[in-house]
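Some notes on the structure that comes next.
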Amino acid sequence: MSIWFFVNLFVLVFAIWKISTGYIGVHIIFGGLGLLFVLFNWTRHAVFSTIRSNIRRERKIKYANLSKRVLPFHKWTGSTALALIVVHGLFVWKIGFDLSSWKALSGIAAGVMLFLVVFFGWIRWYRTTVLRRYIHLTLAFCLFALILIHLVL
Ligand code: HEM
Ligand code: HEM
């Protein structure tokens, strides 16, 4: 199993802990739901890493079949994540935020990155090339890092 499963699980548990120990407003609910959808899609990377790793052939086939079954949902869960995060951002904006706060700045950076991931996802879906695959994957990596920063700050 790829270490990424544990990294993703850790981020999820960390977010749940962070949310449950603070004030839970509507904006936080949307942020948490958006995170859930992003992590669901990002776990595709963990599954792919597992398939490429040195495990038994039968297990590889099992993971590949699982991955194939989830694929039709991937584009919709990703697009839904963007919609949820736009609502999260709008609620935060309505409440009022300090543009000099790292929380807001990292959030905006993660939001822009999520938009790019989804945008290049659709471009990749329209027609896959090696470059498009790398752009989608690299942006998704950056998104993961920015979200982590956004949660920690
Ligand atoms: C992929 C994008 C994003 C994800 C997954 C996300 C997720 C979250 C989560 C789970 C929280 C609650 C936990 C915590 O306080 O650490 C939160 C808080 C916050 N987010 Fe985001 N967010 C994203 C984008 C944004 C954007 C675009 C903004 C725009 C300003 C933003 C601003 C904030 C602020 C200011 C808080 C703190 C709110 C408070 O403590 O009352 N985030 N975010
Ligand atoms: C939260 C947003 C998203 C994240 C984190 C994400 C992440 C990923 C990851 C990690 C992979 C596997 C990367 C690889 O090794 O090639 C992938 C594949 C893919 N993504 Fe996304 N994605 C998101 C949204 C989207 C959207 C909105 C679309 C729109 C159609 C899309 C289309 C694709 C396609 C076509 C593949 C290749 C499918 C496959 O062969 O398994 N993605 N994505």
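Checking segment 44-53 against the condition returns no match, with no residue being surrounded by 16 or more Cβ atoms within 10 Å (Cβ to Cβ), modelled with pLDDT of 95 or more, aromatic (Phe, Trp, Tyr) and within 22 Å of Val117 (Cα to Cα). Within the set Ala83, Ala64, the sole residue that is within 16 Å of ligand 1 (Cβ to nearest atom), small (Gly, Ala, Ser), free of Cβ contacts under 8 Å to residues at least 24 places away in the same chain and surrounded by 13 or more Cβ atoms within 10 Å (Cβ to Cβ) turns out to be Ala83.
Among the residues making up segment 88-122, those that are open to solvent by less than 50 Å² (accessible area, probe 1.4 Å) and more than 10 Å from ligand 1 (Cβ to nearest atom) are Val118, Gly121. With respect to Ala104, determine if the residue is in a helix (DSSP H, G or I), on the phi < 0 side of the Ramachandran plot and under 15 Å from the mean Cα position of the chain (by Cα). For Ala104, the condition - in a helix (DSSP H, G or I), on the phi < 0 side of the Ramachandran plot and under 15 Å from the mean Cα position of the chain (by Cα) - is not met.
The values are calculated or read from the model by the stated rules, or taken from the named source; none is laboratory data. What you are looking at is a predicted structure, and each value in this text was computed from that prediction instead of being measured. Glycine gets a Cβ as well: all are built from the backbone with ideal geometry, and neighbour counts include every protein chain shown. In case anyone asks, the SASA skips ligands and DNA or RNA and just uses the protein heavy atoms, side chains included. Shrake-Rupley method; radii C 1.70, N 1.55, O 1.52, S 1.80 Å.
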